[in-house]
1. When chain B is treated as a GNM, springs tying every alpha-carbon pair under 10 Å, which of B:182, B:239, B:151 comes out with the largest mean-square fluctuation?
2. What ranking, highest mean first, results for peptides B:129-136, A:366-373 when packing means the other Cβ atoms within 10 Å averaged over each residue?
3. Taking the Cα atoms only, what angle lies between the long axis of helix B:2-18 and the longest principal axis of chain B, rounded to 10 degrees?
4. May I ask you to compute the full-extension gain from residue A:603 to residue A:79, defined as 0.36 nm times their residue separation minus their alpha-carbon distance, rounded to one decimal in nm?
5. Between 0 and 90 degrees, rounded to the nearest ten: what's the tilt of helix A:126-139 against the longest Cα principal axis of chain A?
6. Rounded to whole Å and sorted largest first, what semi-axes of the equivalent ellipsoid does the C-alpha gyration tensor of chain A yield via the square root of 5 times each eigenvalue?
7. Can you give me the distance in nm between label points at residue B:122 and residue A:285, each placed 7 Å from the Cα along the Cα-to-Cβ direction?
8. Choose one of A:350, A:411, A:97: the residue whose Cα lies farthest towards the positive end of the charge dipole of chain A (beta-carbon charges +1 Lys, Arg; -1 Asp, Glu; about the Cα centre).
Amino acid sequence: MTHMISVRGLHVVGRRGDGGEVPIVRDVSLEARRGEVLALVGESGSGKTTIALALMGYARAGCRISGGAIAVAGHRVDQMDAGELRSFRGRTISYVAQNAGSAFNPALTLHQQVIEPALAHWVLPRRDAERRAIELFRAMALPHPETIGARYPHQLSGGQLQRLMAAMALITEPEVVVFDEPTTALDVTTQIEVLEAFRTVLVHRGITGIYVTHDLAVVAQVADRAVVLRHGAVCESGDTPEVLARPRTPYTRELVAACHLPVRPKGLDPAVDAASGTAPEPVLTLSDIVVGYGRVDANGLPAHRILDGIDLSVTRGRTLGIIGESGCGKSTLARASAGLQPPAAGTVRFRGETLAGRVARRTPEQRRRVQIVAQNADLVLNPAWTVGAILERVLRFFHNLRGAVARAEALRLLDIVQLPHAVFDRRPPELSGGQKQRVNFARALAARPELVLCDEITAALDPVVAAAILTLMSDLQETLGLSCIFITHDLHALRAVCDRVAVLLGGHVVEQCDAAALMRGAHHPYTRLLVSSVPEMRPGWLDEVVAQRSAAAAPFVPTAVGEGCPFVSRCVTRIAGVCERVRPPVVATADGGRIACHLPPGDLPVLAPGNSTIDA
Amino acid sequence: MGMSLAGAARRGAAFAARLAPGPRRALALLAFWFVIAIVGPLLAPHAPGEIVDRDVFAGFSARHWLGTDYLGRDLGSRLLWAVRYTVLICTLSTLLSCGFGIMLGIAATAMSVWVERVLGRLMDGLLSIPSLLFALLVIAAAGESVPALILTMGVIYMPGSYRTSRALALRIAQADYVMAALARGEGRIFVILREILPNMTGPLLSDIGLRFVYAVLLLSNLSFLGLGVQPPLVDLGSLVRENVLGMVYGAPAVVVPTIVLALLTVGLNFALDRQRP
Ligand SMILES: Nc1ncnc2c1ncn2[C@@H]1O[C@H](COP(=O)(O)OP(=O)(O)OP(=O)(O)O)[C@@H](O)[C@H]1O
Ligand code: SF4
Ligand SMILES: [Mg+2]
């Protein structure tokens, strides 16, 4: 047997609503040698997961493997009966899903769940299984490997759960492990730890891996070979460095290009502002905003703060980017600005006018000027309405347009967001993710706003579609003279559309700077961590980063008490005794940035284009 | 008039086309039973109380298709009337229970926290009384009349409907499109009627269908115990009760109403259940 995995002419069909069948995977052939990691790359709907599941002899409800030969570790998967499949899955091949958070049972301890497959397949007695679990926890670089198993799923972070899920997949010592987008839901900073843990375990144990993802930069780090899929068929395959450096098909070239978004050409242009003789005019100003929940103290401040003392302003006609990890309060910031989550303290001002905290207390005119485009286009358009009705409602509400006039205006909005007029009579469930996001945008534009709050508008989209949306947004912003707040956890997207950047951590703004200066000059230690954590499409990048970080690793310290710096537990340059107690002062830098850190400006980490080559 | 009727029919058809297959099938089945309930008695060959034959518990024959009952009355005619009473009483009580249940359920979502708490306690209290016991108590106190039956069953099934619709409305109220409407400054009524309610219809229709089935079962139980629909009126449950002696002869008079009852409830249940893929 030369190949660990060999698939020949695989066909999978799905059932349509009317009973007919549609091909989902067409004539796919691929193979992987023992110990190799093979990446399945493609946009959503390209059949990546379907193929990965077929390797385990599984087809989703409504789908059927209709042809082809699948051989894994010498077994013919397509010829197995149910009993054989049961012992095959888990023993020979196992699966790590995208969202570990929802894959664990919240009512059982992690240990019970992790060793379950070993007991179910009779591979190990309980005691040995427990010993092996601890060994795997250690290999996965989980904190407190001896005791972490006694905890419950909700007590761990997403990245930790993802590694636990991998431990569970490895406990039966399978020969093949299928990873289905295991880091897509994670932040870049966490992603690095998880990727490194996965890679080490695979290499040490000689396991063959199938890695499903849409992120080419991740592919460059983990996979030996890559198969690019499109519309259920193989588009291109080869050694990873080869595919990434010299893509042969137009589609792969497009995928690679989508990872190299052009950096926004203009930055804040000081010459223009100087020429007009006035300081740039702020549109939205947030001062000392506090949002939280829980018991309220004597000053009216809540015990648990999601946002704590936020000072930000958006310049007219410019885009302010907000970046930070999941849960740092980005969405809350947008919701507070839109009046959907009233702040406990602080003021929101719009062109000098103070806005009420609650949207219900704002005037229609104030509501019209600030529009929010929310994170998940699936939830943000009412599925019961047609696209036309959605747009016409806004036009009628704010501009009192009705009938033919409203219809004409709605069609014009569809033109602006580059959607065909046929979309007018359709309902959101009949649209693709990218189309929904465009409608979402058109609805915001229908109000003729001055400020648009964009919350993770590309998070759920494929890189190619996301790049198109970003281009659209950039163009509209320029032609309509909009001001924007652009919330994201994706540095590429951030640099493609923003003029200025605010870095959010634990509800605090730790740094503000010009987007153009993000990759060079002195920065907050957290900004450096973020920037250097964005995977690059260069094989070997992960090794370099891991080597750098392990050299600089700092012993763990307890988190900040009281007013301390929110980054203190992870900061390698922290000043003991100061950083965990005293709120860092905000210092202005030479190129117009503002950094909240105790380090003297000369000691701040400096980024050079050389050591962070997103620009490449 | 003709125009608006045609328009309504077209809109109705468009609405049905958008429904999930489960509620759609159930709706079609209900429509069928309605037609029988309304048209059936008009086609009945005999008056329900008319004694037409000396032969009691007669079998199927050309003269009396479904045979005769314990007094020698035409069973086919009585059955058509029984379907009318069962379907109409249960429809009215379901409209009552679901109408109020849904209204209160949505209101609880939109109103202050304590309104919701009081309503919740009230409904939980109602829900904790066994339905048959509750019905027996009310009927013992208020007497056996059709309006009393409708009202009692309406009250019994309201809490369930309240809970379902509140849970649905709560979930939809979290959706970002509701947030977008609020951010725009839409009024509460608009948000409830236009943003929340249209997205509840599918699941709500299933829920209404199920409550109708429960109502049919409860009414038949009551009538079988002699506490439901009283002679000279007749429903499916009382039809079974009065002919129960025919059981020993395997008379159609007791078998056929039982089958019809089963067709009504099991059929609807099946239609609704199929919505799971
Ligand atoms: N009403 C609430 N009660 C308790 N916790 C809350 C509440 N609202 C938000 N939070 C918490 O506040 C934090 C910030 O939430 P927010 O949605 O702003 O994060 P985010 O930065 O947008 O994250 P993501 O990138 O995952 O969207 C999270 O930890 C969240 O769980
Ligand atoms: S204030 Fe201290 S802990 Fe915080 S980033 Fe600066 S040096 Fe690190
Ligand atoms: Mg968010």
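1. With Cα springs under 10 Å in chain B, the top fluctuation among B:182, B:239, B:151 is at B:182.
2. Values: B:129-136: 15.1, A:366-373: 23.6.
Order by mean packing, descending: A:366-373, B:129-136.
3. Around 80 degrees separate the two axes.
4. Gain in length upon complete extension: 182.2 nm.
5. 50
6. Working: eigenvalues 354, 205, 108 Å².
Three semi-axes, in Å: 42, 32, 23.
7. Each label point lies 7 Å from its Cα, and together they span 5.1 nm.
8. A:411
The numbers here are math on the coordinates, done by the rules we state, and not lab data. In this text the structure is predicted, and so the values were computed from the model without any measurement. Here Cβ is always computed from backbone atoms with ideal geometry, including for glycine, and neighbour counts include all displayed protein chains.
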